[in-house]
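Comments concern the structure below.
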Amino acid sequence: MRRSRAFIPTTKEAPSEATLPSHQFLIRAGFINQQGAGLYNFMPLGKIVLEKIRAIVKEELDRAGCSEVQLSFVTPIGLWDRSGRSDTMGKEMLRISDRHQNEFVLSPTNEEAIVELVKNRVTSYKDLPLNLYQINTKFRDEARPRYGLLRGREFLMKDGYSFHASTEDMIREFNLMEETYKKIFTRLGLDFRVVAADSGAIGGTGSKEFHVLADSGEDTIVICDACDYGANIETIFESEEEIDALNEMSYEELQIKSIDEKCSCGGNLSFKKGIEVGHIFQLGDKYSSALEANFNDENGKPRPFEMATFGIGVSRLVASVIEQNHDENGCIWTKATAPYMVNIMISNIKDEAQTALGEELYEKLQTSHVEVMLDDRKDRFGFKMKDAELIGFPYTIIIGKELENGLVQIFERKTKENISVKTEDIYSKIMELI
């Protein structure tokens with residue numbers, strides 16, 4: 001993509017309500033813009049990042065044997081009445097009526113709809129297990145939408161649902177999805193933890209959350225320094241006041257806050273801040289029984305499905321990457337999530353030698369299937385460099401005055417290292433780095 005043709009409206013100022021780095025930088029760098037309270041548009045750069053994350057999620061789920069579907073975003077309220085969740089979901093569930101006064105819901109999640117889809121279509125234990133997922137829009141009418149993509153009202157979510165003939169097989173799939181989620185977050189380049197969690201309004205007998213570690217995280221988790229143990233404090237402390245107090249503490253304050261439990265492995269436990277990006281639940285027959293969704297077992301006897309459900313906040317992950325990876329100048333994308341891997345910056349577009357080398361590199365990298373941006377704007381060098389740091393290209397090739405000496409520079413965004421490379425070596429060097 002040529003920068004002169006790209007729609008990337010960068011700005012110096014962030015909205016006054018944008019307090020978190022991801023909220024500030026994603027808006028300033030032209031990844032998203034706010035449509036309304038808790039509602040965001042994804043502009044070209046943001047859409048690229050969103051689709052990269054979506055693709056990794058899909059690849060790992062498909063590899064694990066899951067099948068993708070797409071459910072209607074609007075569901076009849078009757079489904080929610082039958083499961084009992086039309087009351088328990090409360091005001092977060094936005095209800096609408098059509099011209100005939102039929103009542104519907106903008107789906108915040110889809111347990112009821114997926115059960116209705118499978119009901120009477122999977123009738124035998126021989127057709128089980130089954131794991132269906134979608135990556136689709138959801139809506140929750142947050143009372144206080146804030147923090148940009150981290151607490152919006154409309155969001156892109158992967159929600160998956162599995163159906164089983166036995167509790168043992170449901171737990172097997174639950175464990176498989178835990179390992180699959182670990183692969184997803186590892187591929188995205190994130191530092192994360194898996195923690196025991198409260199099942200909340202979804203219900204069921206047990207659940208685990210996946211948290212990206214970040215100072216700005218809304219949740220407080222406890223982790224062990226010697227094993228994989230982790231837990232949301234909601235599962236440890238009974239007092240709402242104590243939970244609220246811990247969640248209000250900064251990273252710095254939690255570091256000096258002591259905790260009286262040693263881990264069973266003998267390791268030390270400590271408080272950390274986390275951003276919830278995934279949640280998996282063992283549902284049992286909570287929804288299948290309520291919606292009378294049965295299969296025939298090996299004896300021909302009808303039984304309700306054993307179920308599990310699995311969620312990932314796909315649009316939430318866009319912000320989570322930046323909450324964990326940024327500095328005072330802007331975004332620092334992981335290699336798996338960067339909108340463009342290489343930014344070629346021509347310092348002086350009027351210099352024929354600089355322009356010729358920039359065009360040559362641009363064509364060569366494109367031919368090699370490298371995601372590359374050519375900054376061919378007439379703006380001054382300092383402005384273009386600040387833009388490159390704000391957007392967060394992993395590597396910027398700077399073609400400037402040193403070209404007279406046969407040299408160009410490669411600026412690495414993460415380390416801020418600036419290295420000089422001979423012009424004849426620049427292609428092989430950048431390919432080595434990426």
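Coordinate-derived values only; no laboratory data. None of the values given here were measured: they were computed from a predicted structure. Counting neighbours? That spans all protein chains shown, and the Cβs are built from the backbone with ideal geometry, glycine included.
Structural remarks
- Pairwise Cα inverse-distance average, inverted: Kirkwood Rh of the stretch 259-402 (Å): 20.5
- When only Cα pairs below 8 angstrom with a gap of at least 6 residues are kept, the stretch 147-224 shows a relative contact order of 18 percent.
- Length available on full extension from Phe73 to Cys227: 0.36 nm per residue minus the Cα-Cα distance, which gives 51.4 nm.
- Reachable lysines, given that their alpha-carbon falls under 19 Å from the alpha-carbon of Lys119 and they are not under 8 places away in the same chain: Lys286, Lys301
- Modelled spin labels at Asp327 and Asp215, positioned 7 Å past Cα toward Cβ, are 1.4 nm from each other.
- Gain on full stretching of the segment that runs from Lys12 to Ser166 - 0.36 nm per residue minus C-alpha separation: 49.8 nm
- The residues packed around Arg85, meaning those with a beta-carbon under 12 Å from its beta-carbon, carry a net charge of -3 if Lys and Arg are +1 and Asp and Glu are -1.
- Relative packing of peptides 211-219, 34-42 - highest average C-beta neighbours within 10 Å first: 211-219, 34-42
- Taking 0.36 nm per residue of separation and subtracting the Cα-Cα distance, full extension of the segment from Ala37 to Lys335 would add 104.2 nm.
- Normalised by the number of residues in the chain, the mean separation of alpha-carbon contacts (under 8 Å, six or more apart) gives a relative contact order of 16 percent.
- Cα→Cβ-extended label distance, 7 Å offset, between Leu94 and Asn175, nm: 4.1
- Taking every DSSP bridge with both residues inside the stretch 342-433, close to 50 percent are antiparallel.
- Spin-label proximity, Asn296 to the stretch 88-122 - amide N less than 20 Å from point 7 Å beyond Cα toward beta carbon: 118-122
- By the Cα gyration tensor, the stretch 21-327 has an equivalent ellipsoid whose semi-axes, rounded to whole angstrom, run 31, 25, 19 from largest to smallest.
- Under 20 Å from a label point set 7 Å out along the Cα-to-Cβ vector of Lys126, the amide N atoms of the stretch 271-311 belong to 294-306.
- Förster-model FRET efficiency, 60 Å R0, Asn268 and Ala55, C-beta, rounded to 0.05: 0.95
- Ordering of 281-287, 172-178 by burial proxy (mean other Cβ atoms within 10 Å per residue, highest first): 281-287, 172-178
- Legend: calculated FRET efficiency, Gln101 to Glu142, from the Cβ-Cβ distance at R0 = 25 Å, rounded to 0.05, equals 0.40.
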